[in-house]
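The structure under discussion appears below in the form of structure tokens.
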Ligand SMILES: NC(=O)c1ccc[n+]([C@@H]2O[C@H](COP(=O)([O-])OP(=O)(O)OC[C@H]3O[C@@H](n4cnc5c(N)ncnc54)[C@H](OP(=O)(O)O)[C@@H]3O)[C@@H](O)[C@H]2O)c1
């Protein structure tokens with residue numbers, strides 16, 4: 001039996017994962033920044049699920065949630081950093097009031113929740129699941145701030161994987177393409193100062209066009225995440241869905257082409273040998 005601490009359980013992947021883990025008999029600490037939104041979730045599970053408030057931008061709340069998890073279940077062995085939201089708009093369009101809070105949630109919130117959890121996880125070993133995105137694999141016009149936040153998640157996760165391996169802690173970086181959660185409905189904000197100069201890369205109509213039409217089935221995504229957490233041989237990177245896979249393939253090919261194209265010039269930068 002595993003014990004999970006999951007952030008952002010009011011909807012989408014977080015809620016589905018919390019319910020799926022509890023339904024199969026695991027123990028779950030389900031958290032949300034407004035705990036009232038998840039109050040009823042635990043009822044059917046007879047003490048195997050507790051719900052706690054956790055706004056991931058509040059480091060003290062992360063420590064309090066971890067302390068409560070230890071008090072209730074003696075600890076946990078799977079941390080899922082799921083809470084997050086997106087900001088669309090060209091880099092020149094975004095304001096600090098828009099992009100800094102997004103980094104507070106997607107990046108610094110993940111860091112604080114992870115740091116609060118590590119003393120517990122280092123004792124038990126286990127798995128850290130970090131929700132990145134196809135947007136964390138490759139950047140694209142109109143999504144640069146979200147790209148940057150998810151790229152940060154990727155870098156932190158890759159570093160953690162190396163640092164934590166001696167403690168028996170694995171890291172899984174989940175990189176979904178578009179899945180039908182509340183993400184496009186309420187977890188995407190648009191830069192308010194749209195500039196006509198960026199009409200070509202604008203994602204102004206992305207939400208109306210795609211919300212509710214995403215091909216990805218979040219329950220199938222959750223099944224893959226459960227399988228990966230259970231497996232001994234799960235890879236570090238888990239692109240989910242054909243769109244995320246296509247992004248990864250394009251990125252690998254372009255990266256390969258870039259490093260090969262100027263190889264002779266760009267490797268000739270060491271001091272001359274005497
Ligand atoms: N669905 C997709 O297509 C997709 C693709 C790639 C990556 N992702 C990633 O998947 C993760 C989950 O998103 P989702 O698709 O499940 O969307 P969702 O249904 O909108 O869920 C987002 C969750 O994040 C929570 N959250 C936001 N800010 C928070 C904060 N400060 N503290 C705690 N929780 C906070 C929300 O809680 P509130 O109810 O309080 O707002 C909500 O529970 C995100 O990291 C997202 O970037 C999603």
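The values are calculated or read from the model by the stated rules, or taken from the named source; none is laboratory data. Note that the structure is a prediction, hence the values are computed from the model and not measured. Cβ: placed from backbone, ideal geometry, glycine included. Neighbour counts: every protein chain shown.
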Item to check | Selection count where residues are surrounded by 13 or more Cβ atoms within 10 Å (Cβ to Cβ) and out of contact with any strand residue (DSSP E or B) (no Cβ under 9 Å at 6 or more places or on another chain), scope the stretch 220-238 | outcome: 3
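Give the stretch 239-268 a look and list any residue that's assigned to a helix (DSSP H, G or I) and either within 20 Å of residue 19 (Cβ to Cβ) or touching a strand residue (DSSP E or B) at 6+ places or on another chain (Cβ under 6 Å) (or both), or say none.
Residues satisfying the conditions are 244, 245, 248.
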Checklist entry - Inside the stretch 69-95, can you point out the residues that are surrounded by fewer than 19 Cβ atoms within 10 Å (Cβ to Cβ) and within 16 Å of the ligand (Cβ to nearest atom)? => result 85
Next on the checklist: Just to verify a result, which residue in the stretch 16-49, among those that are within 7 Å of the ligand (Cβ to nearest atom) and surrounded by fewer than 24 Cβ atoms within 10 Å (Cβ to Cβ), is farthest from residue 63 (Cα to Cα)?
Outcome noted: 37
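Residue-by-condition table, conditions (1) away from the ligand (no atom under 11 Å from the Cβ); (2) under 18 Å from residue 106 (Cα atoms):
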position	(1), (2)
161	yes, no
164	yes, no
167	yes, no
181	no, yes
185	no, yes
188	no, yes
191	yes, yes
195	yes, no
204	yes, no
Next on the checklist: Could you check the stretch 63-75 and list, in sequence order, the residues that are in contact with a strand residue (DSSP E or B) (Cβ under 9 Å, 6 or more places away or on another chain), assigned to a helix (DSSP H, G or I) and under 15 Å from residue 4 (Cβ atoms)?
Outcome noted: 65, 66, 68, 69, 72, 73
Checklist entry - Would a scan of the stretch 141-154 turn up a residue that is at pLDDT 95 or above, within 22 Å of residue 83 (Cβ to Cβ) and not in a helix (DSSP H, G or I)? => result yes
